[in-house]
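Okay, structure first, notes after.
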Amino acid sequence: MAGERERKLTFEEALGKLEAVVQALEGGNLKLEEALDYYQEGIRLVRFCREQLNKFEHKLQILMAQEDGELVIRELELPEV
């Protein structure tokens, strides 16, 4: 896990790793120290994914045609999760 932190993960890779962390923790076969390591990695991955989603949300825009035909760019308003 630690060596992969140096390489920039994609959102999809981070999400896949997070799913693996959750499965390992739910399996219940980890020693306490291992579980803590997985938990810390999971928190790091959640933060990374949340940051990526926030960046993507800010990039999403809607082009709206006004009555006069001019195009206006508006930020997409997404509901809070």
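When you look at LEU18, is it in a helix (DSSP H, G or I), touching a helix residue (DSSP H, G or I) at 6+ places or on another chain (Cβ under 7 Å) and at pLDDT 70 or above, yes or no? Spell out the reasoning first.
Details: in a helix (DSSP H, G or I): yes; touching a helix residue (DSSP H, G or I) at 6+ places or on another chain (Cβ under 7 Å): yes; at pLDDT 70 or above: yes.
Taking the combined requirement at face value, the residue satisfies it.
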>> Being surrounded by 14 or more Cβ atoms within 10 Å (Cβ to Cβ), within 14 Å of the chain's Cα centre (by Cα) and either on the phi > 0 side of the Ramachandran plot or assigned to a helix (DSSP H, G or I) (or both) narrows it down to one residue among GLU12, GLU41; which is it?
In response: GLU41
> Does region 48-63 include one or more residues that are at pLDDT 95 or above and either at positive phi or surrounded by 14 or more Cβ atoms within 10 Å (Cβ to Cβ) (or both)?
Replying inline: yes
>> Looking at region 15-36 only, could you name the residues that are of a type in the set (A, V, I, L, M) and exposed (fewer than 10 other Cβ atoms within 10 Å of the Cβ)?
In response: LEU32
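The values are calculated or read from the model by the stated rules, or taken from the named source; none is laboratory data. The shown structure was predicted, so the numbers you read here are calculated from the model rather than taken from an experiment. Cβ: placed from backbone, ideal geometry, glycine included. Neighbour counts: every protein chain shown.
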